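Structure, as structure tokens:
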Number of protein chains: 2
Amino acid sequence: MPATLDRVARALGDSTRLEILGALRGDEQTVGAIAEGFAMTRPAISQHLRVLLDAELVAVRAEGTRNYYRSTPDGLAGLRAWLETFWDDALDRLAGEAAKEEADKGAPT
Amino acid sequence: MPATLDRVARALGDSTRLEILGALRGDEQTVGAIAEGFAMTRPAISQHLRVLLDAELVAVRAEGTRNYYRSTPDGLAGLRAWLETFWDDALDRLAGEAAKEEADKGAPT
DNA sequence: AAACATGGTTAGCATTTACTTACCAATACC
DNA sequence: GGTATTGGTAAGTAAATGCTAACCATGTTT
């Protein structure tokens, strides 16, 4: 079952978490390596990773005591789909309004 | 200046606000008309609309005492762009890993 | 002008969020 | 076995969030 749309959006709604995803853009990273890039404690990063996990935006792979996190694009699929249809609908609506205005101009009562 | 990515995502990270955007999918709506669809007071809706306004996901048009809200797809452009590149990068990475695994299988040391 | 309609703003509240410090569990290393 | 390393968890806290009730401002209608 995919995470809800608002859960995914909420997970993305924090600059720290966006930066974490940015850090995972290349290869997978250990928690420690991720945390090094931030001016906050490791537990804080751990908690952010939990939120991203719950939103299914990342996944973990344990190797010994190290936990390697990687981003999982699938988690973005739902939001992506919503955004596309919403976008398309909005453009259709704008096109419709433009056409209507054109018609009004052509035949003003 | 466009709203920041996390501001937009945060605005989307609430089911009520997602529903409001859904209600604005068709035509523009007055605040009262929007509020009718929800089991909460009008001020609450007003506050949600403020968040959406700040994220530039909606715009208002005043007509007398009525305020007509409409969704503004432009506000989603930034998030959309981020999502696309992030998505593409992730797919490239997956393809790269698959290729690497294939190579490892072909010539295991 | 008086009464109504519409909707933004304020103050107050309970809950959630983003942290910190302290602690615990599990594996690696000697 | 003892001791680092690595990272998740718990308790506590300050700030932000999502509401409500009360109020105010503006425009409309008669």
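The values are calculated or read from the model by the stated rules, or taken from the named source; none is laboratory data. Predicted, not measured: the structure shown is a model, and the values here were computed from it. Neighbour counts are summed over all protein chains in view; Cβ atoms, including those assigned to glycine, are modelled from backbone coordinates with ideal geometry.
Provide a single number: the residues in region A:65-80 that are farther than 22 Å from B:Leu76 by Cβ, at the interface with another protein chain (Cβ under 9 Å from one of its Cβ atoms) and not in a strand (DSSP E or B).
Final tally of qualifying residues: 1.
Among the residues of region A:22-46 satisfying the criterion of being of a type in the set (D, E, K, R) and more than 14 Å from chain B (Cβ to nearest Cβ), which is farthest from DNA strand D (Cβ to nearest atom)?
Filtering first and then ranking leaves A:Glu36.
Restricting to region B:85-97, name every residue that is more than 8 Å from chain A (Cβ to nearest Cβ) and surrounded by 12 or more Cβ atoms within 10 Å (Cβ to Cβ). Spell out how you get there, then give the answer.
Taking region B:85-97 as the starting set, the residues that turn out to be more than 8 Å from chain A (Cβ to nearest Cβ) are B:85, B:88, B:92, B:95-97.
Within region B:85-97, B:Glu97 is the sole residue that qualifies.
Working only within region B:47-65, note down all residues that are within 8 Å of DNA strand D (Cβ to nearest atom) and touching a helix residue (DSSP H, G or I) at 6+ places or on another chain (Cβ under 9 Å). Don't jump to the end; show me each part of the working.
Here is the first cut: in region B:47-65, the ones within 8 Å of DNA strand D (Cβ to nearest atom) are B:47-48, B:51, B:62-65.
Once the filter is applied, which keeps residues that are within 8 Å of DNA strand D (Cβ to nearest atom) and touching a helix residue (DSSP H, G or I) at 6+ places or on another chain (Cβ under 9 Å), region B:47-65 yields B:His48, B:Val51.
Among (1) touching a helix residue (DSSP H, G or I) at 6+ places or on another chain (Cβ under 7 Å); (2) within 13 Å of chain B (Cβ to nearest Cβ); (3) assigned to a helix (DSSP H, G or I), there is one condition A:Ala3 misses while meeting the rest; what is its number?
A:Ala3 satisfies every listed condition except (3).
Write out, first by first residue and then by second, each pair whose Cβ atoms fall under 6 Å of each other, whose residues are 6+ apart or on separate chains, and whose first residue, in region B:15-27, is among the polar types (S, T, N, Q) while the second is modelled with pLDDT of 95 or more and within 16 Å of DNA strand C (Cβ to nearest atom).
Every condition considered, the pairs that remain are B:Ser15/A:Asp6; B:Thr16/B:His48.
Identify, please: which residue in region B:6-49 is among the β-branched types (Val, Ile, Thr) and outside any helix (DSSP H, G or I) and is, among those, farthest from A:Asp88 (Cα to Cα)? Walk me through it before giving the result.
The initial filter retains those residues of region B:6-49 that are among the β-branched types (Val, Ile, Thr), namely B:8, B:16, B:20, B:30-31, B:34, B:41, B:45.
Filter once more, keeping what is outside any helix (DSSP H, G or I): B:30, B:41.
Working: B:Thr30: 23, B:Thr41: 31 Å.
Residue satisfying both the conditions and the ranking: B:Thr41.
Filter region A:9-21 for residues that are more than 8 Å from chain B (Cβ to nearest Cβ) and hydrophobic (A, V, I, L, M, F, W, C) and give the result.
A:Ile20
Does B:Arg66 fit the bill of being near DNA strand C (Cβ under 9 Å from one of its atoms) and under 18 Å from A:Leu21 (Cβ atoms)? Let's see the steps before the verdict.
Values: near DNA strand C (Cβ under 9 Å from one of its atoms): yes; under 18 Å from A:Leu21 (Cβ atoms): no.
Criteria not met by B:Arg66.
State all residues of region B:50-60 that are touching a Leu at 6+ places or on another chain (Cβ under 9 Å) and assigned to a helix (DSSP H, G or I); if no residue qualifies, say none.
Those that are touching a Leu at 6+ places or on another chain (Cβ under 9 Å) and assigned to a helix (DSSP H, G or I): B:Val51, B:Leu52.
Answer yes if at least one residue in region B:50-61 is farther than 21 Å from A:Leu91 by Cα, of a type in the set (Val, Ile, Thr) and modelled with pLDDT under 95, and no otherwise.
no
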